[in-house]
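For reference, the structure discussed in these notes is given below.
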Amino acid sequence: MISLFTGMPGAGKTAAMIDLVRDIAKDRPLFVHFDPSERLRPEQKLLSETLKLPHTQVNASTWHEEVPDGGILIIDEAQGCWRPRGPSAKVPEAIAALETHRHAGVDIFITTQAPRLIDANVRGLVGRHVHIRDTGWLGRWWYEWPETNESLTWKTCPVKKRYKLPKQIFDLYGSANVHTTPVRMAPKTLVLIAVLLVCLAALVFMIVRSVNRYTSPDQVKEPAPVSAPAPAAVRADLRAQIPTSVPDERVDFMPRLSDRPWTAPAYDHLRQVIRMPVITGAVCVNEHCVCYHGQERLDVGSDQCRHWAVYRPFNPYVGERDSIGGKVEASRSSAPDQTLPVHGETSAAAQAFGVGHALPF
């Protein structure tokens, strides 16, 4: 089969061709076209002079006489030996032999820059056309057709894929005497996309900052914690805060709870909590239970009071019972001194009630 590799200078068409030939030439004789007259300068090296794969030099004009059956023939830059002919020119024997090369099992690999640079008969016998397209910043692309595509219409190519040059292939041949890197401009599309991304990032940052400014007002710095003042100092502060104006009796002396006159707003600065209600005993008469804090009755429902009497839930605000005096040791210095009835005795509240049984803490 005749395989044609095309591409602009430096695109990598020769490297792609040698990469394929290397795999199939391990047990087959390899022949490479060589014609000293194709040198542009005396110091120029042709592919047959730099290729490190075992091969034999042969001229493309006599390949049909020298390449044996099953051999492989490489013709690099075929426009140097098989240029297009005039319509009345005779077909060379080497080109005519291509028409029956399959009978001898010979595979031919040709490289050139464009399909129209070689003989039309050769183009018509190509069974595989590979075009390497170097797009610069976007990398290289591999386009392949089952016959010669003279127009190189890569947009409708049946086989299209990204292609990366096999770097290890460059150790097998010299692609050029001097390598130069072309200066490429970034595509306008990439530049436009980069600018749009930067603008979008700046816009998002400004929106987020504006939203945070309106949804999260400046936080007031919290004052440093101050130790609790002494009770005397608290009372002095309360007296200093007493308003000098005469209160409005229609509002200030109206209790918040009708049966508790001390809940009026006028007494707010005098009313301070100094004790905490803690259940220390219960009296149950038939189905009704009453809970007490020492000798004082607590405003606790009968069901809740019975629940306490039966289950005795743990109270973290009451200290352990003193083993000698029967008193409760307060867990905090601010807790009130509570004298509880000894287990088995009846509290005064129970005696006052007259009937039932007392359940001390």
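Protection proxy ranking for 275-286, 118-129, 59-70, 3-14, using the average of other Cβ atoms within 10 Å per residue and placing the highest first: 3-14, 118-129, 275-286, 59-70. Length gained on full extension, L53 to L197: 46.9 nm, using 0.36 nm per residue less the C-alpha separation. For the range 124-177, applying the loop criterion from DSSP together with a ceiling of 15 other beta carbons within 10 Å to the GluC sites (Glu not before Pro) yields E147, E150. Please turn the phi angles of the range 15-24 into ³J(HN,Hα) values with the Karplus equation 6.51 cos²θ - 1.76 cosθ + 1.60 (θ = phi - 60°), one per residue in order, whole Hz, x for glycine and proline. Result, rounded to whole Hz: 5, 5, 5, 5, 4, 6, 5, 4, 6, 9.
So, R0 is 51 Å and r is the distance between the beta-carbons of M206 and T135; what FRET efficiency does that work out to, to 0.05? Walk me through the numbers before you get to the answer.
Numbers: r = 36 Å, r/R0 = 0.71.
Given R0 = 51 Å and the Cβ-Cβ separation, E is 0.90.
Couplings 3J(HN,Hα) for the range 29-40, derived from phi with the Karplus relation 6.51 cos²θ - 1.76 cosθ + 1.60 (θ = phi - 60°), are x, 10, 10, 10, 5, 9, 9, x, 5, 7, 5, 7 Hz, where x marks Gly and Pro.
Just so you know, all these numbers are worked out from the coordinates, no wet-lab data involved. What you are looking at is a predicted structure, and each value in this text was computed from that prediction instead of being measured. We place every Cβ from the backbone using ideal geometry, glycine too, and count neighbours over all the protein chains shown.
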